[in-house]
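Okay, so here's the structure we're looking at.
The values are calculated or read from the model by the stated rules, or taken from the named source; none is laboratory data. Since the structure is predicted, the reported quantities are computational estimates derived from the model, not experimental observations. Neighbour counts run over all protein chains shown; Cβ positions are idealised from the backbone, glycine included. The accessibility values were calculated without ligands, DNA or RNA, using every heavy atom of the protein model including side chains. Shrake-Rupley method; radii C 1.70, N 1.55, O 1.52, S 1.80 Å.
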Amino acid sequence: MASPSREGTKTELAPCWNSVAERKADMDKTGKPDGRVRVLLLGCFDVMHSGHYNALRQAKQTGDMLVAGVHSGESILANKGPPVMDDEERMTAAAACKWVDEVVGYIPYEVNVKLLDDLGVDYCVHGDDLPTNLNGNMYQEVILAGRCKIIRRTEGVSSTDLLGRMLSLSQAHLHQNPAPGVNGGLSGESSPQRKIASSFLATSRRIAQFADRHFIPDPTKTVVYLDGAFDLFHVGHMETLMQARCLGDVLLVGIHDDATINEHKGANYPIMSLHERVFNVLSCRFVDDVIIGAPWEITQDMITSMNVKIVAAGSLLKQAKSLDPEQDPYGIPKALGMFRIVNRSREITSETFIQRVISNFEKYKKKSEERGKKEQEYLENRVFIAEK
């Protein structure tokens, strides 16, 4: 088993275990790291977004080592409805986060002191929207034992909202006050406005919190540049970023703005707005820095100003566009001999997850409606909690 990763480890995932028993058996052999406060954050980690990542970031601030506990698909189905991603995809997504030191999967949808002891953690952490399961408050036992830390829930984005966007393929999240008819679905018809509109707030403080604090530009390092939409940030993206990072010393990621993606991809893309996508990418352990609203075409000026030595391509959309020499966004790096194609083993795209949702429309619609009610209750009764 690999040693636990820390923020700044750029070429491999955090170590994973497939069960509590498996992790406990390893810990019985090696012992708990001395002098380190280990904290546990449990979650589904399904269709990852900045709310998940900010929870992981805050959780890491409460201790020295962060264990991400991933609920099993079976337990999620019984308590919340069907997940979009399978167990292995959700574990990998958590392991790609730069604040996570360990991942333990297939965890039941319940929390107790024995679970914390078996995983060798001192505390568990959760947002101020404490969940319930079929038996009531999931965290009651550890709260009474004084082994639960509460952090602030990230407002403005949720899995419920993203699920609704995929169901309706609406672009309402790209507009504060969308005009009638702007929310077209695949058929071009207007989609009904959601009760809970996206109100994600991207502040300079939040960007600083997500940015790599240890990254200092060094002209002697090999800078690799890779760009794309990174919509519905998923394990295919993460694998591409990991492969690109292995090509050099620094990975600079360009993230195209909403209008650019919509122009080239059409329909109702992107599902996530630019800032939502930026925070997702900044959370990835393989990424050193990002360009917000990167140009579609890689220019000589950008290559020079960012000291880029290798331009990598992982976007299937952009690779398809590059087949036409007159529209090739990679024309200049190809001419300079600095172009590389990054191959990945997973045949997964953002459309993969959208089709999973659409193909099970009724199940996900019911889940979205039920979760939406709980979301509304939280928003109506929330109180201020200082963020970590």
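Orientation-averaged projection of the range 30-111 equals 5.7 nm² [convex hull of Cα atoms, one quarter of hull surface area].
For Val290, the residues whose modelled amide H falls within less than 5 Å of its own, excluding neighbours fewer than 5 places apart on the same chain, are Val253.
Probe radius 1.4 Å, ligands and nucleic acids left out: which of Trp99, Trp296 has the largest accessible area, and how do the rest follow? If you can, show how the numbers build up before the last one.
On the way: Trp99 5, Trp296 40 Å².
Result of the area sort, largest leading: Trp296, Trp99.
Note that the range 255-262 has calculated 3J(HN,Hα) couplings of 10, 6, 6, 4, 5, 5, 5, 5 Hz, one per residue in order, obtained from phi through the Karplus relation 6.51 cos²θ - 1.76 cosθ + 1.60 (θ = phi - 60°); glycine and proline are x.
In this view, the solvent-accessible surface of Tyr106, computed with a 1.4 Å probe and all protein chains in place, comes to about 100 Å². Counting heavy atoms of the protein chains alone, Met138 has an accessible area of about 10 Å² for a 1.4 Å probe. For the listed peptides 301-312, 51-62, a ranking on the average number of other beta carbons within 10 Å per residue, highest first, reads 51-62, 301-312.
Give me the accessible area per residue for the range 15-87, probe 1.4 Å, as a whole number in Å².
Details: 2620 Å² over 73 residues.
Roughly 36 Å² per residue, with all protein chains present.
If you take the Cα centroid of the range 290-349 and the Cα centroid of the range 84-105, the two points sit 28 Å apart.
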